[in-house]
Amino acid sequence: MFSTDDFARYTQWSGIATLIFALITVVSFIFKWGIRFRLAGATGFMLVVTGGLFPLSLTPLTRTVIPGAVRYKLVFDNGSSKAVIATPPQITSSELDATLKQAASDLFSYGRLGTPQDNQLTIRARTILHPEPGISVPLYLGQIKRSLSSRDDNGMEIDIYEDNLAKLQTNKS
């Protein structure tokens, strides 16, 4: 898979080729070559290619995989500073920790809005318990808070609600 560095290099070479095509096109119009309109089209195409490669050099295309994370479903996301994910009821404490880190990585985006005083994305993990037929109870298992402005946030705050995880164990038996 291509990285952003690869796309930056491709954008650079495509930009150089575009400038060369543009120079040849200008010369062809000065000397009234018969191929001048084809060169103008090729130059326009190179502009489009360069313009398409440039955004790919800005945004990372790789997905970070956290070992030990389980599948989750995004239940709620306000597009700003709050999100909720659903996990399976059989999750353990270590799996929950890894899953919260995975969700924090997956849901990070520079386009999220935050308040200047908070500037954090809060992701809460929950599961659904069924104590009796026909009754469903949401149970929050933990949360993670990460920076909205820095992709590499080393100060993420993870809170795992051990008492609620214990309820999962008693619900199994």
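Please work out if Ser149 is open to solvent by 70 Å² or more (accessible area, probe 1.4 Å) and either touching a residue at least 40 places away in the same chain (Cβ under 8 Å) or part of a loop (DSSP other than H, G, I, E, B) (or both). So Ser149 passes the test.
I'm trying to understand the selection: among the residues of segment 152-173, which are of a type outside the set (Gly, Ala, Ser) and open to solvent by less than 80 Å² (accessible area, probe 1.4 Å)? Result: Asp153, Met156, Ile158, Asp159, Ile160, Tyr161, Asn164, Leu165, Leu168, Asn171.
When the residues of segment 123-146 are filtered to those that are surrounded by fewer than 16 Cβ atoms within 10 Å (Cβ to Cβ) and of a type in the set (Ser, Thr, Tyr), the one that is farthest from the chain's Cα centre (by Cα) is Ser136. Here is the figure for segment 44-103: residues that are free of Cβ contacts under 8 Å to residues at least 60 places away in the same chain, touching a strand residue (DSSP E or B) at 6+ places or on another chain (Cβ under 9 Å) and of a type in the set (Ser, Thr, Tyr) total 4. Just to be sure, is Ser81 farther than 30 Å from Asn171 by Cβ, open to solvent by 40 Å² or more (accessible area, probe 1.4 Å), within 15 Å of the chain's Cα centre (by Cα) and not acidic (Asp, Glu)? No; evaluated as a whole, the condition is false for this residue.
Scanning segment 1-31 for residues that are crowded, with 16+ Cβ neighbours inside 10 Å and among the aromatic types (Phe, Trp, Tyr), we see that the one that is nearest to Thr64 (Cα to Cα) is Phe7. Taking the criterion of being surrounded by fewer than 13 Cβ atoms within 10 Å (Cβ to Cβ) and under 17 Å from the mean Cα position of the chain (by Cα), the only residue of segment 113-122 that qualifies is Leu113. Taking the stated definitions as given, is Asp118 in a helix (DSSP H, G or I), in contact with a Leu (Cβ under 9 Å, 6 or more places away or on another chain) and modelled with pLDDT under 95? No; evaluated as a whole, the condition is false for this residue.
Quickly run through segment 32-78 and pick out the residues that are of a type in the set (Val, Ile, Thr) and open to solvent by 60 Å² or more (accessible area, probe 1.4 Å). Give the steps one after another, and end with the answer.
Filtering segment 32-78 down to residues of a type in the set (Val, Ile, Thr) leaves 35, 43, 48-50, 59, 62, 64-66, 70, 75.
Across segment 32-78, the qualifying residues are Ile35, Val48, Thr59, Thr62, Thr64, Val65, Val75.
Quick one: in segment 87-102, of everything that is buried (at least 17 other Cβ atoms within 10 Å of the Cβ) and in contact with a Leu (Cβ under 8 Å, 6 or more places away or on another chain), which residue is farthest from Arg151 (Cα to Cα)? The extreme case among them is Ile91.
The values are calculated or read from the model by the stated rules, or taken from the named source; none is laboratory data. Note that the structure is predicted; figures quoted are calculated from it, not measured. Note: ideal-geometry Cβ built from the backbone for every residue, glycine included; neighbour counts use all protein chains shown. SASA here: full protein model, heavy atoms, side chains in, ligands and nucleic acids out. Shrake-Rupley method; radii C 1.70, N 1.55, O 1.52, S 1.80 Å.
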